[in-house]
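**Student:** Handing you a structure now.
FYI, it's all coordinate maths here, none of it is from the lab. Owing to the predicted nature of the structure, the values given are computational and were not obtained by experimental measurement. Neighbour counts are summed over all protein chains in view; Cβ atoms, including those assigned to glycine, are modelled from backbone coordinates with ideal geometry.
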Amino acid sequence: MRWMVTGARGMLGADVMAALSRAPGEEDATGFGRDLDVTDGGAVEDALDALAPDVVVNCAAWTDVDGAETHPDEAVEVNGRAVEGLALACAKRGARLVHISTDYVFDGQGREPYGEDAPVGPVNAYGRSKLAGERAALAHGHTVVRTAWLYGARGRSFPATMIRLAAERETVAVVTDQTGQPTWSADLAARLVELGRSGAPGGVYHGTNAGRATWHDLAREVFTLLGADPGRVVPTTSAAFARPAPRPAWSVLGHDRWALAGLPPMRHWREALRAAWPYLSVS
């Protein structure tokens with residue numbers, strides 16, 4: 001199979017490229033970073049024509065959640081309109097698009113895991129821009145994979161920040177009123193490759209590690225793995241950290257749809273964090 005990966009220099013995109021290099025069989029993968037501007041429709045079509053990929057994994061995105069509040073048009077350009085062009089171009093060429101989305105398309109008011117077909121209602125500009133991209137991809141029969149609380153070996157991540165703060169501070173205040181699913185980018189990348197190879201139907205899938213945690217829970221687990229006293233992680237609330245964009249309080253996703261691809265849900269977040277531990281860099 002031939003693969004094209006956009007955003008291939010970022011945390012998830014780089015892990016997708018690594019997963020493809022380890023995949024069984026002959027996987028021909030080409031990754032683009034900033035050398036392909038996904039908002040340039042002509043450049044995107046040229047790349048598709050040159051590579052003739054079977055599967056396109058779109059990891060390119062505007063990811064600055066707070067920045068999207070003050071630059072909503074720019075966020076929509078990358079996360080919405082660019083996806084519309086990519087989705088249409090892939091559909092015309094018979095390529096399958098696997099587009100990465102987010103838990104931020106939900107309002108965060110739930111108390112049970114959001115199913116793949118649960119009503120959406122983003123509470124910030126970033127979420128609205130990502131929802132626009134979802135709708136564009138789905139309108140052309142493609143696949144959307146929502147993820148949440150992603151961390152990995154590249155770029156900034158919450159676990160790496162906690163590792164650094166554990167060395168710098170006696171105590172660290174972390175919120176207890178946001179609940180989600182910490183997800184290792186390498187686990188998600190491997191699942192994206194499995195999904196692309198599976199021939200599973202298009203639609204929405206939820207790509208997060210299993211279980212649930214607050215940011216406070218995750219920080220305590222990091223301290224535990226460091227051999228530090230988890231009691232140094234002090235509970236607080238989101239009100240103590242004023243930010244331009246509101247965050248959803250509940251970001252727990254259900255995973256029922258993986259059965260359509262013949263794949264089990266991803267492993268528990270604590271198990272994944274332990275596996276990721278040797279690869280995490282201090283941020």
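**Student:** Explain nothing, just the number: dipole magnitude of segment 4-122 about its Cα centre with +1 on each Lys and Arg Cβ and -1 on each Asp and Glu Cβ, in debye rounded to the nearest 20. Could you put the intermediate results ahead of the total?
**Tutor:** Values: 8 positive and 23 negative charges, 61 e Å.
Here segment 4-122 has a charge dipole of around 300 debye.
**Student:** Give the distance, in whole Å, between the Cα centre of segment 66-101 and the Cα centre of segment 221-252.
**Tutor:** 31 Å
**Student:** Separate question: Identify, among 79, 16, 173, the residue whose Cα sits farthest towards the positive end of the charge dipole of the chain, taking +1 on the Cβ of Lys and Arg and -1 on the Cβ of Asp and Glu, with the dipole about the Cα centre.
**Tutor:** The residue sitting most towards the positive pole is 173.
**Student:** Another one. May I ask you to sort 187, 35 by Cβ crowding, counting other Cβ atoms within 10 Å and putting the fewest first? Numbers along the way, then the final one.
**Tutor:** Values: 187 24, 35 10.
If I rank by nearby Cβ atoms, fewest first, I get 35, 187.
**Student:** Magnitude of the Cβ-charge dipole of segment 90-179, K/R +1 and D/E -1, about the Cα centre, nearest 20 debye?
**Tutor:** Working: 12 positive and 9 negative charges, 124 e Å.
Once rounded to the nearest 20, the dipole reads 600 debye.
**Student:** Taking segment 9-97, which trypsin sites (Lys or Arg not before Pro) meet the DSSP loop condition and have no more than 14 other C-beta atoms within 10 Å?
**Tutor:** Details: sites: 9, 22, 34, 81, 92, 93, 96; in loops: 9, 34.
Loop-located and lightly packed - 34.
**Student:** Something else about it: Only loop residues by DSSP count here, and only those with at most 16 other Cβ atoms within 10 Å; note down the GluC sites (Glu not before Pro) in segment 2-84 that meet that. Walk me through the numbers on the way to the answer.
**Tutor:** On the way: sites: 26, 27, 45, 69, 74, 77, 84; in loops: 26, 27.
Loop-located and lightly packed - 26.
**Student:** Give me the one-decimal nm value for the distance between modelled label points at residue 268 and residue 241, 7 Å along each residue's Cα-to-Cβ direction.
**Tutor:** So the label points at residue 268 and residue 241 sit 2.5 nm apart.
**Student:** List the chymotrypsin sites (Phe, Trp or Tyr not before Pro) within segment 166-258 that DSSP assigns to loop and that have no more than 11 neighbouring Cβ atoms inside 10 Å.
**Tutor:** Details: sites: 184, 205, 215, 223, 241, 250, 258; in loops: 241.
Here the chymotrypsin sites (Phe, Trp or Tyr not before Pro) that fit, given the DSSP loop and packing criteria, are 241.
**Student:** Expressed as an acute angle from 0 to 90° and rounded to the nearest 10, what is the orientation of the C-alpha long axis of helix 125-139 relative to the principal long axis of the chain?
**Tutor:** 30 degrees
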